[in-house]
Amino acid sequence: MKILIDFFPILLFFSAYKFYDIYIGTAVLMAATVLQMALIYGIDRRLQAMHKITLALILVFGTLTLVLHDERFIKWKPTVLYAAMAIGLAIAVWLLKKNFLKLLLGSQLSLPEPVWMRLNMVWVVYCVFMASINGYVAAFYSTEDWVNFKLWGYAFPLIFIVGQGFYISRYLTGDDNSKHTTP
């Protein structure tokens, strides 16, 4: 069900764009993202920082798109989001000596420190790649091509997450049962 909640806004955006235009699609994306965040909040009783940032950027860039009637704003939102993530992760680890990935996921995953550092670096590279590719498509392709890229471009995050799962799986211990068994 969580995967449906995650893809719900982009699918509605794509549909609204195909049946109407980028402006209706943007309004639908904004409303669907607010609904998505309400559902996530209803399930988890909180929103993670990434959820709040994503919601804020969609509402700000969506509003600019609609008020100024300029589609460039919504097209550049993913580039801004990914670039901000890359910069935030890089500054945190290199200047502040904090690994935000570990801070966010450390309670759910127990990984060796070098693995956390490699994951952080991989996330920085991934975010730079995603910011760059979205920026390139937004700048040099039509809105139609950009919308199609947004839908089919979801293969990149899926491949990245699956690859990351394979990488960290060898460091995870599945031996939690040993704590609960009696001799």
Just want to confirm a number: the relative contact order over the range 71-174, from Cα pairs under 8 angstrom separated by 6+ residues, in percent. 36 percent
Dipole magnitude of the chain, debye to nearest 20 (Cβ charges: Lys/Arg +1, Asp/Glu -1, about Cα centre): 480 debye
Using 5 Å bins from zero, what percent of all Cα-Cα pairs in the range 1-68 falls into each bin? 4, 19, 26, 25, 16, 8, 3, 0
As I understand it, the value is the acute angle between the Cα axis of helix 155-169 and the longest principal axis of the Cα atoms of the chain; what does it come to in degrees, rounded to 10? 0 degrees
Lysine pairs in the chain 8 or more apart or on different chains: how many have alpha carbons under 21 angstrom apart? 12
Compute the helix-to-body angle for 22-44: its Cα long axis versus the longest principal axis of the chain, expressed 0 to 90° and rounded to tens. 30 degrees
Near Asn99, within a Cβ-to-Cβ distance under 12 Å, what is the net charge of the other residues, with Lys and Arg +1 and Asp and Glu -1? +3
Along the range 60-67, Karplus-curve 3J(HN,Hα) (6.51, -1.76, 1.60; θ = phi - 60°) to the nearest Hz, with x for Gly and Pro, reads 5, 5, x, 4, 4, 4, 6, 5
Expressed as a whole-number percentage, the relative contact order of the chain with C-alpha contacts under 8 angstrom and at least six residues apart is 19 percent
Within the set Asn148, Asn120, Asn99, GNM on the chain using Cα springs under 10 Å gives the largest fluctuation to Asn148
Please compute the net charge surrounding Pro112, taking Lys and Arg as +1 and Asp and Glu as -1 over other residues with Cβ under 12 Å from its Cβ. +2
Helix-only estimate, please: 222 nm mean residue ellipticity of the chain, summing -39500 (n - 2.57) across DSSP H runs of length 4 or more and dividing by its residues, to the nearest 500. -26500 deg cm²/dmol
Cut-off 10 angstrom, C-alpha nodes, Gaussian network model of the chain. Which of Asp70, Asp145, Asp44 fluctuates the most? Asp44
Choose one answer from Phe129, Phe166, Phe73: the residue with the largest mean-square fluctuation in a GNM of the chain with alpha-carbon springs under 10 Å. Phe166
Can you tell me the 0 to 90 degree angle between the C-alpha axis of helix 2-19 and the longest principal axis of the chain, rounded to 10? 10 degrees
Could you point to the label whose value was computed as Rg and Dmax of the Cα atoms in Å for the structure here, given [x] 15.4, 51; [y] 21.0, 76; [z] 18.6, 69? [z]
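Every number in this text was worked out from the coordinates using simple rules, so none of it is lab data. Keep in mind the model is a prediction, meaning the values are calculated, not measured. Don't worry about glycine lacking a Cβ; one is built from the backbone with ideal geometry, like all the others, and counts go over all protein chains shown.
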